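Visitor: Okay, here's the structure, questions in a sec.
The values are calculated or read from the model by the stated rules, or taken from the named source; none is laboratory data. On a predicted model such as this, the values are computed, not experimentally measured, just so you know. Cβ placement follows ideal geometry from the backbone for every residue including glycine, while neighbour counts extend to all protein chains displayed. To get the accessible areas, we keep the full protein, side chains included, count just its heavy atoms, and leave off ligands, DNA and RNA. Shrake-Rupley method; radii C 1.70, N 1.55, O 1.52, S 1.80 Å.
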Amino acid sequence: MKIISICGSPRKGNSETIINKVDQFLKEKGVENEIVLLREKKIERCHGCVEYCNHKLKCQLHDDFDEVADKFEKADGYVFACPNYFNMPPGILKDFIDRCSIFYTAGKDKEFAGKKAIVVCVGAESPEETKICTTNVADNFCRLIGMNVVGTKSLKSKSELNGNMNDIFENGFNPSLEKELKELVEELMI
């Protein structure tokens with residue numbers, strides 16, 4: 001089994017820490033996981049050139065999306081993690097999502113059918129507020145291209161970490177976070 005984990009945060013912080021913890025749990029199960037930090041990739045925003053992509057069934061832009069899309073298409077399962085910015089995912093994740101429209105346009109949603117995904121989003125607000133849009137946007141994207149979302153988690157944390165990359169596990173807002181992440185990983189494996 002091959003998992004691809006997409007971290008949609010523009011900085012090193014809570015989302016990346018969560019992705020790394022999920023990676024640890026996957027490796028403990030002998031599952032191959034590749035982490036993609038979108039902040040390290042050059043992925044242009046979608047130019048809306050549907051006259052090209054709707055007919056050619058591919059994107060005419062060529063940047064790091066090509067490499068990520070190839071891995072994305074070949075994966076057996078998915079992990080998405082991102083922060084909540086004004087009840088929305090950050091622009092870099094939205095750019096990635098928009099560029100994935102080629103999968104939907106090309107009818108590749110059938111290729112993603114049955115592949116499992118989990119979504120974890122973090123905000124300084126309540127988990128309910130983070131879920132309203134941020135978690136639901138990522139969840140909706142997965143479902144639209146045919147994935148089976150087997151679990152979502154919306155978390156509360158601090159936005160200023162002061163260099164403590166483990167804050168999400170130590171701040172007391174999410175006391176059972178490690179257990180809950182293990183459960184999400186289990187859902188990916190079933």
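Visitor: Note down the magnitude of the dipole of region 13-85 about its Cα centre, charges +1 on Lys and Arg C-beta and -1 on Asp and Glu C-beta and zero elsewhere, to the nearest 20 debye.
Guide: 160 debye
Visitor: Moving on. With axes computed from alpha carbons, what is the tilt in degrees of helix 64-74 against the longest principal axis of the chain, rounded to the nearest 10 within 0 to 90?
Guide: 80 degrees
Visitor: Per DSSP helix of 4 or more residues, -39500 (n - 2.57); summed, then divided by the residues of the chain. What does that give at 222 nm, rounded to the nearest 500?
Guide: Rounded to the nearest 500, the figure is -11500 deg cm²/dmol.
Visitor: Say each of GLU73 and LEU144 gets a label point 7 Å from the Cα, pointing the same way as Cα to Cβ; how far apart are those two points in nm?
Guide: Here the modelled spin labels are 2.0 nm apart.
Visitor: Might you tell me the accessible area per residue for the chain, computed with a 1.4 Å probe and given in Å²?
Guide: The answer is 48 Å² per residue.
Visitor: Let me ask you something else. Once ligands and nucleic acids are excluded and a 1.4 Å probe is used, how much of SER159 is accessible, expressed in Å² to the nearest 10?
Guide: Taking all protein chains as shown, SER159 has close to 70 Å².
Visitor: Moving on to the next point. Enter the accessible area of CYS49 (Å², nearest 10), with the probe set to 1.4 Å and all protein chains included.
Guide: 30 Å²
Visitor: From the P(r) of the chain, can you give the percent of Cα pairs sitting at distances over 30 Å? Each step should come with its number before you reach the end.
Guide: On the way: 2758 of 17955 pairs.
Value for the chain (Cα pairs over 30 Å): 15 percent.
Visitor: For the chain, give the percent of accessible area contributed by carbon and sulfur heavy atoms, probe 1.4 Å, rounded to a whole number.
Guide: 50 percent
Visitor: Which net charge results when you count Lys and Arg as +1 and Asp and Glu as -1 among the other residues whose beta-carbon is under 12 Å from that of ASN33?
Guide: Taking every Cβ under 12 Å from that of ASN33, the sum is 0.
Visitor: Now for a separate question. Between MET165 and GLU111, what FRET efficiency comes out of the Förster formula 1/(1 + (r/R0)^6) with R0 = 30 Å and r the beta carbon distance, rounded to 0.05?
Guide: After rounding to 0.05, the efficiency reads 0.30.
Visitor: Quick one: if the Förster radius is 25 Å, what FRET efficiency do LYS2 and ARG39 give, using the C-beta to C-beta distance and rounding to 0.05?
Guide: So, using R0 = 25 Å, E works out to roughly 0.65.
Visitor: Over the heavy atoms of LYS94, what accessible area does a 1.4 Å probe trace out, to the nearest 10 Å²?
Guide: Only protein atoms counted, so the area is about 80 Å².
Visitor: Then there is this: If R0 is 25 Å, what FRET efficiency do you get for ARG11 and ASP63 from their C-beta distance, rounded to 0.05?
Guide: For ARG11 and ASP63, the calculated efficiency is 0.75.
Visitor: Considering only DSSP states other than H, G, I, E and B, which chymotrypsin sites (Phe, Trp or Tyr not before Pro) in region 1-86 qualify as loop sites with at most 11 other Cβ atoms within 10 Å?
Guide: Details: sites: PHE25, TYR52, PHE65, PHE72, TYR78, PHE80, TYR85, PHE86; in loops: PHE86.
Passing sites in region 1-86 are PHE86.
Visitor: Treating the beta-carbon of each Lys and Arg as +1 and of each Asp and Glu as -1, no other charges, what is the dipole magnitude of the chain about its Cα centre, to the nearest 20 debye?
Guide: That gives the chain a dipole magnitude of about 220 debye.
Visitor: Of GLN24, GLY48, ASN87, whose Cα points farthest to the positive end of the dipole of the chain (charges on the beta-carbon: +1 Lys, Arg; -1 Asp, Glu; origin at the Cα centre)?
Guide: After comparing all options, I get GLY48.
Visitor: In percent, what relative contact order does region 71-167 have, based on Cα pairs under 8 Å that are 6 or more apart in sequence?
Guide: Details: 157 pairs, mean separation 31.8, N = 97.
In percent, rounded to a whole number, it is 33.
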